[in-house]
Structures are given as structure tokens and as C-alpha cells.
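Visitor: So that we are looking at the same thing, I have put the structure below in C-alpha cells.
Laboratory data are not the source of any read-out in this text; all were calculated from the coordinates shown. As the structure is a prediction and not an experimental result, all values here were calculated from the model. Using ideal geometry, Cβ is built from the backbone for each residue, glycine included, and neighbour counts are taken over all protein chains shown.
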Amino acid sequence: MLRIGVLASGRGSNFQAVVDSIEQGEIEAEVALLVVDKEDAYAIERAKKHDIPWMYVNPKDFSGRDAFYDHIASELVKKDVGLVLLAGFMRIVGKPLLERFRMKVMNIHPALLPSFPGLHGHRDAVNYGVKVSGCTVHFVDEGMDTGPVIIQAAVPVHHGDTEDSLSERILPFEHRIYPLAVKLFAEGKIEVSGRKVVIKGGQSALFFPQGEYVSDA
Ligand code: GRF
């Protein structure tokens, strides 16, 4: 069975969505370890509630970024993790971890990449004036939100939206497409070829607010 490691810095609602999908039997996997880089991350409470092992890793305890990520990678390897999920982890992941988990690290970003990467996806979308935004699950590479796209959900931006109102509209779709991407990975249905992610079985990777899949075929 797939063993998952989760890296989080805060609230952990995406972590929760994945845990819920596992508990509901939708994903055949187990969360083997939660790693947080903030002592007061609410994600810790969620891990405790679900009896998921967790650890706080303080970046200040390490000589540099590489040592920090090397340590996290070893902890994940010790737990026999096969997929790493960034769930509101507010750092750019370093090479030592990416090299050990190549195309096995996923992230959820609250915009339609490659538009509005970085820390303020909602705010940047609102300020730019786009009419459609959404969220993206992608594999993580060395860049900032630049890895191959796995699934996206399109969500409308309304006149008068603020960072908060758009975030509130997008979040429920994050909670749907992130577990879905994990499920597809766990079932071995995700293939990566260069920048392109193909989902075996012809399943579409575009998710509309109505919740329906639109087939590529
Ligand atoms: C989400 O908006 C996610 O897209 C972004 O960070 C936020 C994390 O929220 N990467 P949560 O901690 O999962 O509730």
C-alpha cells in the first residue's frame, strides 16, 4: 500500500481532505508521517486526532537548506514513503528531497498555473482582473510552482471579489482535486513524460465548478 508523507506549515485543511478520503476508502494509502516546520501548525492537531505520526523540524537547527531537506528526506525514507504531499508548506523544497523523490512530490496551488505562482495566488489573480482562476495540483521541481501539472479546477472570479472571497470559493475544489490526484497516483494511473502528465484510462484532468468531468475524448 502507498505510504504518504505530508509537509505542512499551517492550517492543514488539504492534509485533512486527503486523510478523510483515505478513511472513507476512496484512496488505498496510509499517511505515514506529517512533517511541520512550525511548532504551532494546526495540522499537528489533525494528525493527533487521526493517530498519524508527526514531527516538528525546526529549520534553525540545521546548518543550511540542504541539511534541513536532507534530514526530512531521511525521515520520509525511514517511513518507507512513496509519495510526498506539500499541503500549505510555505517553503521552496530543496534538492536533497527532490532528488530522492523525483516526480513523487506533489503540491496544491490556489491558481491556474502557470498564472500567478508564488505566495499570493489569490491576490494576484484578483488584482490582475482575470475572470477565471482555480487551483492546480502539480509535481514539484526545483522552481516556484513550475512542475508538471496533474489536475486543475477552474473557478470563476466575480466582480468585487477579494483575496479572501476568492480563496473561500477555490478551497473546496482544492479539497476535491488533491485527493483525486493522490488516488490516481496510488492506482498507478499517472504517467509523466517531460512536462506532460497523462492520466491513464483517458480520465480528464480538468474539473469544473459544477463538479463534472469534461472528457478529453
Ligand atoms: C492552500 O490554499 C493551498 O493551495 C496553498 O496553501 C493553502 C494551504 O491551506 N498551497 P491548508 O493548510 O491546506 O488549509
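Visitor: Across region 20-33, which residue is surrounded by the fewest Cβ atoms within 10 Å (Cβ to Cβ) among those that are charged (D, E, K, R) and in contact with a helix residue (DSSP H, G or I) (Cβ under 8 Å, 6 or more places away or on another chain)?
Guide: It comes out as E28.
Visitor: Among (1) in contact (Cβ under 8 Å) with a residue 60 or more places away in the chain; (2) crowded, with 21+ Cβ neighbours inside 10 Å, where does V36 come up short?
Guide: It fails just one condition, (1).
Visitor: Right, next: Of all the residues that make up region 145-160, how many are touching a residue at least 24 places away in the same chain (Cβ under 8 Å) and on the phi > 0 side of the Ramachandran plot?
Guide: Total meeting the criteria: 1.
Visitor: OK, next. Test S115 against the criterion of being in a loop (DSSP other than H, G, I, E, B) and free of Cβ contacts under 8 Å to residues at least 12 places away in the same chain, and give yes or no.
Guide: No.
Visitor: Of a type in the set (V, I, T), assigned to a helix (DSSP H, G or I) and under 25 Å from L206 (Cβ atoms): does that describe V137?
Guide: no
Visitor: Still on this model: If you go through region 46-77 one residue at a time, how many are free of Cβ contacts under 8 Å to residues at least 24 places away in the same chain and of a type in the set (D, E, K, R)?
Guide: Of the residues in region 46-77, 5 are free of Cβ contacts under 8 Å to residues at least 24 places away in the same chain and of a type in the set (D, E, K, R).
Visitor: Which of the residues spanning region 49-73 are within 16 Å of the ligand (Cβ to nearest atom) and not aliphatic (A, V, I, L, M)?
Guide: Matches in region 49-73: K49, H50, W54, Y56.
Visitor: Taking the conditions exactly as written (more than 16 Å from the ligand (Cβ to nearest atom) and closer than 29 Å to I22 by Cα), does M90 satisfy them or not?
Guide: Against the criterion (more than 16 Å from the ligand (Cβ to nearest atom) and closer than 29 Å to I22 by Cα), M90 does not qualify.
Visitor: Every residue in region 1-47 that is within 13 Å of the ligand (Cβ to nearest atom) and among the small types (G, A, S), please.
Guide: A8, S9, G10, G12, S13, A17, A41, A43, A47 - these are the residues of region 1-47 that are within 13 Å of the ligand (Cβ to nearest atom) and among the small types (G, A, S).
Visitor: Mind listing just one residue for me: the one in region 105-114 that is of a type outside the set (A, V, I, L, M) and surrounded by 17 or more Cβ atoms within 10 Å (Cβ to Cβ) and, of those, nearest to the ligand (Cβ to nearest atom)?
Guide: Applying the filter and picking the extreme gives P110.
Visitor: Determine if region 161-184 includes at least one residue that is free of Cβ contacts under 8 Å to residues at least 24 places away in the same chain, among the small types (G, A, S) and assigned to a loop (DSSP other than H, G, I, E, B).
Guide: No, region 161-184 has no match at all.
Visitor: Further question on the same structure: Limited to region 140-160, what total is found for residues that are among the small types (G, A, S), outside any loop (DSSP other than H, G, I, E, B) and surrounded by fewer than 20 Cβ atoms within 10 Å (Cβ to Cβ)?
Guide: 1
Visitor: Identify all residues within region 76-124 that are among the small types (G, A, S) and more than 16 Å from D145 (Cβ to Cβ); write none if there are none.
Guide: Selection gives G82 alone.
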